[in-house]
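Report on the structure given below.
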Amino acid sequence: MYTVVLNGQNVGMVDSEETAKEYLREARIRLAKESDGLVFVNADLVTEGQELIIGKVDSESDVVEKMCDVLKGGQITERSLAYTIKINEFTVNVRDAEGVTEILQAALSKYDADNEFQVELVLDPNREINVLTTRITTSDVRIREANVVPRAGADRALYESGEAIQTSLQMDFDDFDYGLVDLYYVDKIEVIETYLSDDELTDIALAKEILTKDQEKNTIYEVQPGDTLSEISLATEIPLDRIIEMNETLENENSTIRAGDELIITIPEPELSVERQEEIYYEEDYDAPTEYIYNDAWYTTDSVVRQQPSAGHRNVAAMVTYRNQNVASTEILKEEVTIAPVPKIVEIGTRIPPTYIKPISGGRISSSFGRRSAPTKGASTYHKGIDWATPVGTAVTASCSGTVVRAGWASGYGYVVYINHEDGRQTRYGHLSKVLVSVGQRVTQGQKIALSGNTGRSTGPHLHFEILINGTAVNPLQYLN
């Protein structure tokens, strides 16, 4: 005979261990029938056997009843049938399918005041397990006919080259049926049946707010040609200091950005995004695209406006695609130009301009460009270049490719080298100890042209370096790459 102990409490005597397990299964079944959901209980069953000549076992009903009392008195977790809505990495749990539909419909209703579009839950045909997804339907015949238009692919291309486009071109503005044409979710939605406890469920009103209210989300912005950080800040309506804070590659508002760079920006967007298409009519002043004349003899930094622009005016019927509150694209269906625009014409260069590098390795700036106290008697109080203190004999290299126009002694500058460059600029290297190039010689950027020294009017070993534009000295540090 076996004494049966359940969760530390004696519940009776039985004739075998298997009988004790069978009685426990029966107790579980009774508890399950009392609930519509799933019931989880702690059931630690122990049997202690003993040999007896004479003994009496308890009845099944008595043992099962005692087991039920013990299980009820212990920790019981009840879970009911519920639904989990999964949108990308976001999930929310609700009690019933009607609640799921109500929540998803709320995302559509933000943009569909007349409730022309309704969401239905259907089995996802692409999943092997039972997962629900959404289907949007409409009772409006006009919209159903408009939705026959293919959205993408070869069918779309054939459609656009066919009779439908020709028909829209022949229509008058009054012939278009303006308004909402299509409405659909951007994000993939999955709905899964599951069993959850009450504390894992979200109130319907709160779930609606979570899914439809704009949240700050990180996204990637690809830098376009001509972009600046300030223009990106204005276009995205994100403070410049916030953009710099989010991107480790940016040090300050003067950091260099190039076309193709990717920046992290935050945009307000709900957890469930919706796209819609609307046919609209509008009148607008508009500019013609800028036209460019490319000059292979000019540098890319050179440009001249050959014709000033003038705005035109037009009447337009268009299909506008919105992503949430923002315009994603505009397709003009019919256009009537009342005033033709005059395009801006700009002549620009195509040649990459030369770059300038520091002419020595290392060195300490001992005198900056601009006003200064004369370091020696007879020296200028306006310094036309920059000085790097460096030991005599330090290699001096060409800051940019060009042609040597002076190489030798130059009074106060001591030994010098002057180089003319393709962009019209000139670089000068002074107080040298040895000149390694000659007049008329062609040198390349980084080529060794001299050794630093202490010749001429000098207070110590250093290299004096100048950049001249149209004969006027400029601050070299603003041009060194």
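The values are calculated or read from the model by the stated rules, or taken from the named source; none is laboratory data. Model, not experiment: these values are computed from the prediction. Cβ sites come from the backbone with ideal geometry, for glycine too, and all protein chains shown count toward neighbours. Protein only, heavy atoms only, side chains kept; ligands, DNA and RNA dropped before computing areas. Shrake-Rupley method; radii C 1.70, N 1.55, O 1.52, S 1.80 Å.
Descriptive notes on the structure:
- Residues located in the stretch 295-305, provided they are exposed (fewer than 14 other Cβ atoms within 10 Å of the Cβ), within 8 Å of G349 (Cβ to Cβ) and of a type in the set (A, V, I, L, M, F, W, C): A297
- Top-ranked residue in the stretch 6-23 [being surrounded by fewer than 21 Cβ atoms within 10 Å (Cβ to Cβ) and farther than 18 Å from G55 by Cα; ranked as nearest to the chain's Cα centre (by Cα)]: N7
- Scope the stretch 95-116; condition within 13 Å of L211 (Cα to Cα) and not in a helix (DSSP H, G or I); matching residues: K110
- Selected residue (only one of I53, I29 is in a loop (DSSP other than H, G, I, E, B) and without any contact (Cβ under 8 Å) to a residue 24 or more places away in the chain): I53
- From S310, S368, residue being surrounded by fewer than 16 Cβ atoms within 10 Å (Cβ to Cβ), at pLDDT 95 or above and out of contact with any Asp or Glu (no Cβ under 6 Å at 6 or more places or on another chain): S310
- Top-ranked residue of the stretch 389-406 - restricted to ones that are part of a loop (DSSP other than H, G, I, E, B) and among the small types (G, A, S), ranked as farthest from the chain's Cα centre (by Cα): G393
- One residue alone among Y184, Y195 is surrounded by 13 or more Cβ atoms within 10 Å (Cβ to Cβ), hydroxyl-bearing (S, T, Y) and modelled with pLDDT of 90 or more, and that residue is Y184.
- Test for V392: is it closer than 30 Å to R351 by Cβ and at pLDDT 95 or above: no
- Matching entry among E98, E120, E128, E89 (being surrounded by fewer than 16 Cβ atoms within 10 Å (Cβ to Cβ), modelled with pLDDT of 90 or more and farther than 16 Å from L201 by Cβ): E120
- Count - residues of the stretch 254-280 that are assigned to a strand (DSSP E or B) and within 24 Å of Y184 (Cβ to Cβ): 10
- Among the residues here, D140 qualifies as surrounded by 13 or more Cβ atoms within 10 Å (Cβ to Cβ), farther than 30 Å from L38 by Cβ and at pLDDT below 90.
- Number of the condition not met by D58 [criteria: (1) assigned to a loop (DSSP other than H, G, I, E, B); (2) within 17 Å of L211 (Cβ to Cβ)]: (2)
- Test: residue in the stretch 456-463 that is modelled with pLDDT under 90, touching a helix residue (DSSP H, G or I) at 6+ places or on another chain (Cβ under 6 Å), over 30 Å from D296 (Cβ atoms) and in a loop (DSSP other than H, G, I, E, B): yes
- Note on the stretch 281-294: residues that are touching a strand residue (DSSP E or B) at 6+ places or on another chain (Cβ under 8 Å) and either crowded, with 16+ Cβ neighbours inside 10 Å or outside any strand (DSSP E or B) (or both) total 3.
- Pair list, Cβ < 7 Å and 6+ apart or interchain, from the stretch 463-481 residues that are open to solvent by 30 Å² or more (accessible area, probe 1.4 Å) to residues that are among the hydroxyl-bearing types (S, T, Y): Y479/Y356; L480/Y356; N481/T355; N481/Y356
- Note on the stretch 51-61: among residues that are open to solvent by 80 Å² or more (accessible area, probe 1.4 Å) and not β-branched (V, I, T), the one that is nearest to R25 (Cα to Cα) is E60.
- Some residue of the stretch 213-220 being among the hydrophobic types (A, V, I, L, M, F, W, C), assigned to a helix (DSSP H, G or I), open to solvent by 50 Å² or more (accessible area, probe 1.4 Å) and on the phi < 0 side of the Ramachandran plot: no
- Some residue of the stretch 317-332 being in contact (Cβ under 8 Å) with a residue 24 or more places away in the chain, open to solvent by less than 70 Å² (accessible area, probe 1.4 Å), under 26 Å from Q170 (Cα atoms) and in contact with a Pro (Cβ under 7 Å, 6 or more places away or on another chain): no
- Hits in the stretch 436-445 (condition: open to solvent by 40 Å² or more (accessible area, probe 1.4 Å) and not polar (S, T, N, Q)): L436, V439, G440, R442
- Going through (1) in a strand (DSSP E or B); (2) at pLDDT 90 or above one by one, V327 falls short only on (2).
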